[in-house]
């Protein structure tokens, strides 16, 4: 009788420890998933700020560059593509288009000293540059969070529970080939 009670207690203890272990693993996976999602949302906040700043930059530029509709159209189209981007791959393509449009815009602004000298234009351009830098930092943090989550999901014993609870790997932000290519500044000035 005593042996049965001890065996029952040991079995109960093993079951409780196993359940606690499974709960711990599940909670770690949830935490990693939420960190990756938070990192993604932080990028979205900066993308929204960039959109707002681009809108202000475009409005300010319209006052001075009515005859440069092509440059403004390119910048506006790039902004709209970035606003519509949902996946990291779409955002990478939109970012490339924005960078190209900004390069063309800055090159064109060189041709208009009165535009270049406008304090608000300079402030907008500086703010956009700051935001671009922050976006790059946040994407690095996002990739770090996603890599940590994806690695954990693939490790034993996490892989078993991840499959059971429906945890899936997240997509990393990857730069497009165009973003990795060298920038031909001379060509940007010539095309502007």
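I need the full set of residues from region 77-100 which are outside any helix (DSSP H, G or I) and surrounded by 14 or more Cβ atoms within 10 Å (Cβ to Cβ), in order please. Scanning region 77-100 gives a single hit, 85.
Conditions tested, residue by residue: (1) modelled with pLDDT of 75 or more; (2) in contact with a helix residue (DSSP H, G or I) (Cβ under 6 Å, 6 or more places away or on another chain).
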{"site": "19", "(1), (2)": "yes, no"}
{"site": "48", "(1), (2)": "yes, no"}
{"site": "53", "(1), (2)": "yes, yes"}
{"site": "65", "(1), (2)": "no, no"}
{"site": "69", "(1), (2)": "no, no"}
{"site": "80", "(1), (2)": "yes, no"}
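The values are calculated or read from the model by the stated rules, or taken from the named source; none is laboratory data. Computed from a prediction, not measured in an experiment: that's the story for all the values here. Positions of Cβ are generated from backbone atoms using ideal geometry, with glycine treated the same way; all protein chains shown enter the neighbour counts.
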